Amino acid sequence: AAPLTIAIDGPAAAGKGTLAKRLAAHYGLPYLDTGLLYRAVGRLADEQGVDLDDAEAAGAVARALDAGAIDEAALRGREAGELASRVAAHPPVRAALEAFQRAFAADPRGAVLDGRDIGTVICPGARVKIFVTASAEVRARRRTDELAAKGRTVEYERILAEVRERDARDAGRAAAPLKPAADARLLDTSELDIETAFRAACAIVDQAP
Ligand code: C5P
């Protein structure tokens, strides 16, 4: 059989990362969080004083990125997510990160990748495509609770505004906008806890051709 490649896409804070990681562990597959690549480019561009609206300059930062040496812990926060979504709109940035992602996806063991355009652009031939969503309100609530658990109080309304802004930017851009592939299965986690969402995702994988 063809290797099991699983493409997980969806908006910010829908639970894709958690699901993708658990699927990877469950099926014994390597996992790539592609958002980290864009976060690293956004952070580097910002540190280097590059104009984030300059597509060519941001593209040069992306081409110089050592994708194998990304410091994940430093890139988790909301600010890096915001920087990422700004540079991710530029075609030269996306083009620079494509080869690394495709090579990862071509692993003969199979792979799990999560992002925004995995099913549509990076792995259009993936055996399994899941588009993970949840309402903006639920995503903002989860984010707010996560931050609170870390002792950080951020107002729910403010997080909700950020979630909506990121959705609009990711879905509204011309280059690889956030949207489900025609053959993706939708998984709305608004009413599901992690365990139930994980079992639903496994069912989708196990039913795949
Ligand atoms: O998933 P994460 O929140 O880490 O992604 C940060 C940002 O990177 C997203 O809001 C999106 O703009 C961009 N991104 C992308 N394509 C991907 C993964 C992330 O455009 N495959």
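The values are calculated or read from the model by the stated rules, or taken from the named source; none is laboratory data. The model shown is predicted, which means the values in this text are computed figures rather than measured ones. So basically every Cβ, Gly included, is an ideal-geometry build from the backbone, and we count neighbours across all protein chains shown. Just the protein is used for accessible areas: all its heavy atoms, side chains included, with ligands, DNA and RNA removed. Shrake-Rupley method; radii C 1.70, N 1.55, O 1.52, S 1.80 Å.
Listing for the model above:
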{"read-out": "Angstrom value of the Kirkwood radius, inverse mean 1/r, which spans all Cα pairs in the range 26-80", "value": "12.1 Å"}
{"read-out": "Over the range 74-171: Kirkwood hydrodynamic radius from C-alpha pairwise inverse distances, Å", "value": "15.5 Å"}
{"read-out": "Unit charges on C-beta of K, R, D, E only; dipole of the chain, Debye", "value": "440 debye"}
{"read-out": "1.4 Å probe accessible area per residue over the range 1-160, in Å²", "value": "44 Å²"}
{"read-out": "Stokes-Einstein D (µm²/s) once Rh is taken as the Kirkwood radius of the chain over alpha-carbon pairs, at 10 °C in 1.306 mPa s", "value": "91 µm²/s"}
{"read-out": "Per-peptide average of other Cβ atoms within 10 Å, ordering 32-41, 117-126 highest first", "value": "32-41, 117-126"}
{"read-out": "Debye log10 I(q)/I(0) at q = 0.27 Å⁻¹ for the range 150-209, Cα point scatterers", "value": "-1.05"}
{"read-out": "For the range 86-125, projected area of the alpha-carbon convex hull averaged over all directions, nm²", "value": "2.9 nm²"}
{"read-out": "Sulfur and carbon atoms: percent of accessible area, the range 90-134 [1.4 Å]", "value": "62 percent"}
{"read-out": "Highest-MSF residue in the chain out of 181, 140, 106 [GNM, Cα springs under 10 Å]", "value": "106"}
